[in-house]
Amino acid sequence: MRTRFSARSLLMVAITVLMAGGRPVAAQQNQGPAAAPRNPSPANMPLPTLQDMFVQFPLPPGQEAYADIDGKHMHQYVVEQANISRKYRDAGHPKFWGRIIGTSADADDVAWMISKFKAAGLTDVHSQPFDLVPQWFPESWEVTITGNGKTISLESAQPDYGAVGTSSGGLDLEAVYAGLGSEADFAGKNVTGKAVIVFSMLGAPSEGAVRRADAKGAAAILEVNMLPGNARYEAYPSGTKAPAFTVGHDDGVAARDIIAAMPAGESARVKVKLDVHRVPNLKTAQIWGTLAGVTDETIYIMAHRDGWFDASGDNGGGVASILGLAEHYAKIPQAQRKRTMIFIALDGHHNSGEGSAVGNKWLADNRQKLFAKTALAINNEHPSTVQTQSRPRYYNANEIVWGDTYMPLQWYAGGPSRPELEKIAVSAFKQFGATIDLYPSPTPPASDMSSFYRFLPGLDFSEYHSYFHTDSETPQTVPWTGLEAVTRAYAKIIDEVNKLPLSTLQRPEEAVRTGR
Ligand SMILES: [Zn+2]
């Protein structure tokens, strides 16, 4: 069927296009709820179109040595890793998918990683396998809410990692809405044996709502993510006795509306079914590759391979960036590489808890042997994420707005006892336009560097916001410009650190710090 345009509709299209390109105008204020989006969703845009919208930081004069570190080239690796995840999803795992440790996606990723390390020109490329403790897999689940003759399936519900399952018959529970899950929200409510729905907002002070609901005897807990949209979010373990799920914002609001519309004295019902298995005898691996230098002093460059869903920010970007570093340094003659560079694609840690991060543990256990002459260790984790902001105050549509650049990274650069390293790192990030927080993170690194920072001169620059661990974390959310800026900065840091003697960088092992 052909579409015919009237002169009026063409005019309206022209006005819409003009408005989309300009700043919001006063007439858009106070429009009432949910103005229809006028622009294509960036998440669904073809990659080349989106990529052309990002601001590239120009190569600073005199830094031509880093020109070969190419963000668009590295971004291809982000896409390839997402495709490994999607292959697993499409092979019968529609809801719990990703490059999940111990799965066929993990095995596919190992093969991919080995081929990329070899193609980059690394030597001694090999896989170091690890046995895994039985791994948690939610085989299937269903969460619905019923009230006023209406039943909604909460499709975005995702069990927290390690959640306990239900019996095969599932649970049929009275629904209780408990707001933000603070003590005040629970006042006067008996939630024992019921399904508790709480809302939580990234950035708002944590209320510990899920644990509070559990302590008060909830039989199931639904934690609604207040970020606009309806993303699935895989949360780290809640440690609750009751099965706990995260729920996307739109589904959460629909559930809340059902509760709100119930006649006095009647309650909505939540049905929860969760089939969980612990699968024994699985394996994972970390992948090694080397670029020999002039000396036996070492620089370690690491990135974890695993992640939920497409896992493009966490950690497709980190893996892509270490491949960019491998390719850059492989082109430099060995005689000009002062230190031996060792690349490790870590197994990862998303299989949280007992028996997770086995690669990290092995490396830490062998630290005397491995790291005696280590001048620098880079943990490359979540280096590039599209800049997002919540809706501006004047604008009524609920959406996450994308900027044309990347988020600043929280960071750790060797700690206060290595001022030389911190100075080199901060100035390299600044020089190449890789944006970071003004000050180092007040906590020890939260990433894989947490296993190493006490005994290694470590760097960790990473991002953890809106799309972290969600099925929205697509290749689109990883700007190639950020990959380029951060990877160039890391290369610059490596070269500057190579001008310093080992003694400037090494420190006695620090005590374990408790409390974050
Ligand atoms: Zn990560």
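The values are calculated or read from the model by the stated rules, or taken from the named source; none is laboratory data. Note that the coordinates shown come from a computational prediction; the quantities given were computed from them, not determined experimentally. No Cβ is skipped: glycine too gets one built from the backbone with ideal geometry, and neighbour counts run over all protein chains shown. In case anyone asks, the SASA skips ligands and DNA or RNA and just uses the protein heavy atoms, side chains included. Shrake-Rupley method; radii C 1.70, N 1.55, O 1.52, S 1.80 Å.
Being open to solvent by 80 Å² or more (accessible area, probe 1.4 Å) and not small (G, A, S) is the filter here, so list the residues in the stretch 173-190 that pass it.
L180, E183, K189, N190, listed by residue number.
Suppose we filter the stretch 89-126 for residues that are surrounded by 19 or more Cβ atoms within 10 Å (Cβ to Cβ), assigned to a helix (DSSP H, G or I) and touching a strand residue (DSSP E or B) at 6+ places or on another chain (Cβ under 7 Å); how many remain?
The total comes to 7.
Test A372 against the criterion of being part of a loop (DSSP other than H, G, I, E, B), among the small types (G, A, S) and within 22 Å of L505 (Cβ to Cβ), and give yes or no.
Criteria met by A372.
Among residues belonging to the stretch 421-454 that are within 16 Å of the ligand (Cβ to nearest atom) and part of a helix (DSSP H, G or I), point out the one that is nearest to D347 (Cα to Cα). Can you show your working first?
Here is the first cut: in the stretch 421-454, the residues within 16 Å of the ligand (Cβ to nearest atom) are 441, 443-453.
Of the ones still in play, those that are also part of a helix (DSSP H, G or I) are 448-451.
On the way: D448: 10, M449: 14, S450: 15, S451: 13 Å.
Checked the stretch 421-454; the qualifying residue nearest to D347 (Cα to Cα) is D448.
Give me the residue from the stretch 272-329 that is among the aliphatic types (A, V, I, L, M) and in a loop (DSSP other than H, G, I, E, B) and, out of that set, nearest to W136 (Cα to Cα).
That would be L282.
Of the residues that make up the stretch 149-163, is at least one of a type in the set (V, I, T), closer than 27 Å to G353 by Cα and open to solvent by 20 Å² or more (accessible area, probe 1.4 Å)?
Looking for residues that are of a type in the set (V, I, T), closer than 27 Å to G353 by Cα and open to solvent by 20 Å² or more (accessible area, probe 1.4 Å), one finds none in the stretch 149-163, hence no.
Got at least one residue in the stretch 317-327 being more than 17 Å from A111 (Cα to Cα), modelled with pLDDT of 95 or more, buried (at least 24 other Cβ atoms within 10 Å of the Cβ) and more than 16 Å from the ligand (Cβ to nearest atom)?
Yes, the stretch 317-327 contains at least one residue that is more than 17 Å from A111 (Cα to Cα), modelled with pLDDT of 95 or more, buried (at least 24 other Cβ atoms within 10 Å of the Cβ) and more than 16 Å from the ligand (Cβ to nearest atom).
Pick from D251, D310, D314: which is within 16 Å of the ligand (Cβ to nearest atom), out of contact with any helix residue (DSSP H, G or I) (no Cβ under 7 Å at 6 or more places or on another chain) and either open to solvent by less than 40 Å² (accessible area, probe 1.4 Å) or of a type in the set (V, I, T) (or both)?
D314
Among the residues of the stretch 183-209, count how many are within 19 Å of L154 (Cα to Cα) and more than 30 Å from the chain's Cα centre (by Cα).
Total satisfying the criteria: 1.
Starting from residues that are hydrophobic (A, V, I, L, M, F, W, C) and assigned to a helix (DSSP H, G or I), keep the ones in the stretch 330-349 and report whichever is nearest to the ligand (Cβ to nearest atom).
The extreme case among them is A330.
Identify the residue in the stretch 350-394 that is more than 21 Å from Q128 (Cβ to Cβ) and surrounded by 24 or more Cβ atoms within 10 Å (Cβ to Cβ) and, among all such residues, is farthest from the ligand (Cβ to nearest atom).
A375
Given the conditions (1) in a loop (DSSP other than H, G, I, E, B); (2) more than 27 Å from M201 (Cβ to Cβ); (3) out of contact with any Pro (no Cβ under 7 Å at 6 or more places or on another chain), and given that S472 satisfies all but one, which numbered condition is not satisfied?
Condition not satisfied by S472: (2).
Considering every residue within the stretch 405-414, establish whether at least one is within 16 Å of the ligand (Cβ to nearest atom), out of contact with any Asp or Glu (no Cβ under 6 Å at 6 or more places or on another chain) and open to solvent by less than 10 Å² (accessible area, probe 1.4 Å).
yes
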